[in-house]
Every structure is written in structure tokens, then in C-alpha cells.
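Structure first, then comments.
The values are calculated or read from the model by the stated rules, or taken from the named source; none is laboratory data. Only a predicted model underlies this, so the values are computations on that prediction, with no experimental measurement involved. Neighbour counts run over all protein chains shown; Cβ positions are idealised from the backbone, glycine included. Surface accessibility is based on the protein's heavy atoms, side chains included, excluding ligands, DNA and RNA. Shrake-Rupley method; radii C 1.70, N 1.55, O 1.52, S 1.80 Å.
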Amino acid sequence: MTTPTTVNGGVSHWHTALGAPAPRPALDGPTEVDVAVVGGGYTGLWTAYYLKRAEPSLRIAVLEQRFCGYGASGRNGGWLYNGFAGRSAFARRYGRARAVALQRAMTASVDEVLRVCAAEGIDADQVKGGVLEVARTPAQVERLDAFVAAEHAYGETEVQRLTAAEAARRIAVDGALGASWTPHGARLQPVKLVRGLADAAERLGVELYERTAVTAVHPAAGTAPARAVTEHGTVSARYVLRCTEGFTAGLPGEKRSWLPMNSSMIVTAPLPASFWESAGWAGRETLGDFAHAYMYAQRTADDRIAIGGRGVPYRFGSRTDNDGSTAPRTVEQLTGILTRFFPAARGVAVEHAWSGVLGVPRDWCSTVALDRASGLGWAGGYVGSGVTTTNLAARTLRDLVLGEHTELTALPWVDHRVRKWEPEPLRWLGVHGLYAAYHLADAQERAGRPRTSPVARLADLVSGRH
């Protein structure tokens, strides 16, 4: 339950738990580099890391508006797993075989992140316990079965369909009728990962500039190179890579490129051993469900439950709430999910609530691109699956920048283009209408509707999520 001591905002619990990082210097004037990376989150840091390892002679600068991990990389649920945005859409547009190749690359990326953590000595509380997703209504069971069949069709044959009893042996979620489990997932502390990655990149010689907001990005023109404009000076580079995810809409010309979708989290006080004896969760699996407005959760290293979901999904005009403050009704919604899943957690203190934004393309498909003529590149639109996808995106950007033709550069998300979001107020009305429909559908299904609500099917069709 919320108390007067519940922290609301302040970026995230993950940052608060570690304390404020030592600030890195801001850019101190105009400069020239080989590669300028805009954004000091996972995408930007992984890209700089892999580029510098592949070609140590490159001069690489990362430009971050606040501090590394300030955005979604420091606010997410800590799910390192192999799901990615837009698989069905990629299969329809580019063929199933290419979508399968992308899925295989995503699965391999889970272990790649863990490999780098081991090689660089990054302790991010990582535990590869897999991903458990539960169904708590008959309609959710219908979607569970369809999900498992689809995963198998894409080659993910290690995904298991669990009975209610089998699911309870992993995590005793109240009312669970069944679940899926895949080994391709790990729990981690997001800020420990982002700080460790920033340190690793810096050790290689990457220049990290914090408190350096990029106000505009310009393509190469004539003999002039591409440029990232900041209040402290302009950075000229052969390539400028935009790795800004949910903050992309703040750049000139990008207002309607990716919608900054809001996601919120709460974290409990540490729970006693008696709770864990009944709940299980010994494998430290990440936990999700098959609701339309789905939840995501983890058991933290210090035995808390961190749980998230959609609260206020979108703010008019693509605004972002930078300090992470969260509406009281959202905290209540997330607390309600927590106690429905784990009645024994009723009354436990909620110590922190926070929010952040993720990037959502109009077709819900993540993308990676590099235009060699203009010198501009980008990656993002992860739709909430970015902890792993950023790693794959970064290795792909590395190969594109180095001009190498690899299995990664042949994946179908490379140079995938999508139309822009509708202008306001249609954008605000549409997103809020969609999530109202999803919440209504979930309520109908909890009330006993045995099949997926047609309201949700229509919302999926309109949104492009299907």
C-alpha cells in the first residue's frame, strides 16, 4: 500500500537504490569525431561499445541530455528476453523466413548481453531464470495457446505450455489457469547494467558527455559533415546516430516519428521469507500475463516485487514527464494487480513509484537504419522490449557504420520505414481510446467472457499490434 513515505518520481527505484552517479563532464565546445551518438541509454552505449571494440581508432562521442540511463534504460522492468516488436508484421511484409531469422538473432542476443556482462565484470543482478507468462481467465488461456503455437511456428520450440499446477511450481500466482515458460530470459537491475556498460565503453576510449542536450541533428550537405547541435557546441561527424527512443519526439522534425508511450512501475518493500515460501519464485523468472493491458514484474535481488504496466499511456503533444512522477490512480492500479496476483502481499508497503516513456512506431515495428549519403542513422521503436533489442540494434548499427554486409544487416528490420503518427488531437484521442478499449476488454474477460473480447480485437486492428 502507498504510505506518506512512498517515493513518487525521482527517475526510478533502480537509480535511488544505487545513489546518484558521479556526473561526467558536459561537452566543452565544438568538436569533430568519427561517430556521434545521440543518447546515453542502452542503444547508444551498446553501439559505442561495439564500434570501439571493432575499430579502436574511431573517435566516438556519446551525447546525453542528463546522465547515462536517465531514460527508459534506467526505468524499465529489467526483462532481458527474446521478444521483439513487430514479428508478425515483418513476416507479412518480408516473408516468414526473414522474420524467423530476426527471432533467432533476438534469442541469441539474450546470451550475448550476459556474455558481455561476464567479460566486462558487470554485476547487474542478472539471473537467467526464463520468462513465465500466466493466463488467469479463459480468454487469456485462448491467447496463451495461440501464443505457444505461434512461438513454435517461429522456431521457438523451447517455449513450454504449462498447466496451472506446473505454473504454480514456478510462481504461485493466484488464479493462474496455465502459463508459458521460455528459458530465453533473465532478470536484471537495469541501472546496474547501464552504468556498467557506460564504464566499459569509457574504458575503451569512448567519450561520454552528460548534461549535453542535442537540440537538432543535421544531415551532411556538400562538403559539410553531419552535425549534432548542442547548447555547448556543435559536434561534426561522419555519422550521427540517433538513439533517443521515447525522447525522439523532442527533436525537430521527429514529433510524429515515434510516439512516447508511458509505462509505470511500483516496487514493494522487501518481503519476508514466509511470503516467498508460499509464492515460490525461486528461479527468479520474469513474470508477465496475457491481459490486453499487460503487466510485467520481477523478484529483485533484495526480495522485493517490482511490477509495471500502462498507467496514463500518452500525454498530449508527445510530451514526456521527465522526473517520473506517477498518477495516484496508476499506483492504485498496479497495487491492485499485485494483490490480485499475490493476495499475501496485501498491505505491504509500496516504497517507490515511477514512470518513463518508450518509443512506439505507427506499425509497432522496431527499426535500424543508416543513410550513408546523409550520415544519419537511428535505431529504436522497441515498444517496451528494448533491454535485449538494443543490443541487437547496436551490433547491427556497428556493421552498417563499418560498411560490412553480415547476417545482421540482412535482417528485415534494417531500413524498414513506417508512416508517421497522426497529428493532434487525433493522436491523443486514438491512443487513449485504444487503451480504454483494452481495459474494457480485460474487465469483460475477468467478468467471465470465455473468448477474447471483440473490443480488443478491433483495438489490435486499429493500432497495428496484430
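Assorted remarks:
- With respect to being within 25 Å of Ser73 (Cα to Cα), without any contact (Cβ under 8 Å) to a residue 40 or more places away in the chain and within 23 Å of the chain's Cα centre (by Cα), Thr367 falls outside the description.
For (1) open to solvent by 30 Å² or more (accessible area, probe 1.4 Å); (2) over 20 Å from Ala200 (Cβ atoms); (3) touching a helix residue (DSSP H, G or I) at 6+ places or on another chain (Cβ under 9 Å), each residue gets a yes or a no:
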{"residue": "Gly121", "(1), (2), (3)": "yes, no, yes"}
{"residue": "Glu133", "(1), (2), (3)": "yes, yes, yes"}
{"residue": "Pro138", "(1), (2), (3)": "yes, yes, yes"}
{"residue": "Arg143", "(1), (2), (3)": "yes, yes, no"}
{"residue": "Ala153", "(1), (2), (3)": "yes, yes, yes"}
{"residue": "Ala164", "(1), (2), (3)": "yes, yes, no"}
{"residue": "Arg170", "(1), (2), (3)": "yes, yes, no"}
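- Hits in segment 273-323 (condition: outside any loop (DSSP other than H, G, I, E, B), within 20 Å of Val131 (Cα to Cα) and of a type in the set (Gly, Ala, Ser)): Ser278, Ala279, Gly280, Gly288, Ala297, Ala306, Gly308, Gly309
- Some residue of segment 117-131 being under 30 Å from Glu445 (Cβ atoms), modelled with pLDDT of 95 or more and in a helix (DSSP H, G or I): no
- Qualifying residue in segment 252-266 (condition: over 20 Å from the mean Cα position of the chain (by Cα) and of a type in the set (A, V, I, L, M)): no
- Residues that are modelled with pLDDT under 95 and either crowded, with 21+ Cβ neighbours inside 10 Å or part of a helix (DSSP H, G or I) (or both) are absent from segment 388-397.
- Test result for Gln160, open to solvent by 50 Å² or more (accessible area, probe 1.4 Å) and in contact with a Ser or Thr (Cβ under 7 Å, 6 or more places away or on another chain): yes
- Which numbered condition Leu58 fails, given (1) in contact (Cβ under 8 Å) with a residue 60 or more places away in the chain; (2) in a loop (DSSP other than H, G, I, E, B); (3) open to solvent by 10 Å² or more (accessible area, probe 1.4 Å): (1)
- Subset tally (residues that are surrounded by fewer than 14 Cβ atoms within 10 Å (Cβ to Cβ), part of a helix (DSSP H, G or I) and in contact with a Phe, Trp or Tyr (Cβ under 8 Å, 6 or more places away or on another chain)) for segment 412-461: 0
- Within segment 372-379, one or more residues are in contact (Cβ under 8 Å) with a residue 24 or more places away in the chain, on the phi > 0 side of the Ramachandran plot and in contact with a Phe, Trp or Tyr (Cβ under 6 Å, 6 or more places away or on another chain).
- Some residue of segment 351-371 being assigned to a helix (DSSP H, G or I) and out of contact with any strand residue (DSSP E or B) (no Cβ under 6 Å at 6 or more places or on another chain): no
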